[in-house]
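Rule-based calculations on the coordinates, nothing more; no lab input. Fair warning: this is a prediction, and the values are worked out from it, not measured in the lab. As a convention, Cβ positions derive from the backbone with ideal geometry for all residues, glycine included, and neighbour counts pool all protein chains shown.
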Amino acid sequence: MLLLVVVVVAMSTGESDAVRGANRFAAAWARSDYAAMHAQLTDRARRLFPRAAFEAAYRRAAATATLERVTPGKAHDADDGAAVPVTLRTHVFGRVRGRLEMKMSGSSVKWSPRLVFPALRRGELLTRRSDPPRRAAIVSRDGEPIVSGPATSRTPTTVGAAIAGEMERGRTAAARSAVYARGFPHAWPV
């Protein structure tokens, strides 16, 4: 009798283990809770992708995509696991919608690096090429140039030298990463 009750309760939820696991994984991604995400991986995936490497892969993808927020939908059963519709809000690309196809073992994720962004195929990396627009001359109220030239080598006039700052590549890796996360190349002068 108890077994019958357990089976009826399990069937009434309507969710498979794969769907429950995928929903938990996606919810943790929305919170940037990489520890919770990593804990949901299969034992094999955790051995292949230690937490530091796993987290670094998500942070690199987030910077490349200029990711601001992940909003997952409800997972559903799919081939070999579950699929979760996601909406990614990015600084440069606006809203990006996709589907995260996860291979599952029960409620555990058979993780691979393609899961850092929807629609990546095996062996693909998320990349971006940034071509920021040319910077215009900075002029005074009366139209006289204060600073001109390309962003990589701005030249202030005599008057401009007293009030204009300097543009240079970020001095630290963190500064260059912050520029990249805003959509510019790593070495872009700021």
(request) Would you mind putting 69-82, 15-28 in packing order, based on average other-beta-carbon counts within 10 Å, highest first? (result) 15-28, 69-82
(request) Pick out, in residue order, every one of the GluC sites (Glu not before Pro) in the range 32-127 that is DSSP loop and has at most 16 other C-beta atoms within 10 Å; say none if there are none. (result) E124
(request) Give a residue-ordered list of calculated ³J(HN,Hα) values for the range 25-34 (Karplus: 6.51 cos²θ - 1.76 cosθ + 1.60, θ = phi - 60°; whole Hz; x for Gly, Pro). (result) 4, 5, 5, 5, 4, 4, 8, 6, 8, 5
(request) Tell me which residues come under 5 Å, amide H to amide H, from S105 once H is placed; ignore anything under 5 positions away on its chain. (result) K110
(message) Suppose R0 equals 41 Å. What FRET efficiency, 1/(1 + (r/R0)^6) with r the Cβ-Cβ distance, do F93 and T172 give to the nearest 0.05?
(response) 0.95
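Calculated FRET efficiency, E124 and L48, Cβ-Cβ r, R0 25 Å, to nearest 0.05?
Calculated value: 0.90.
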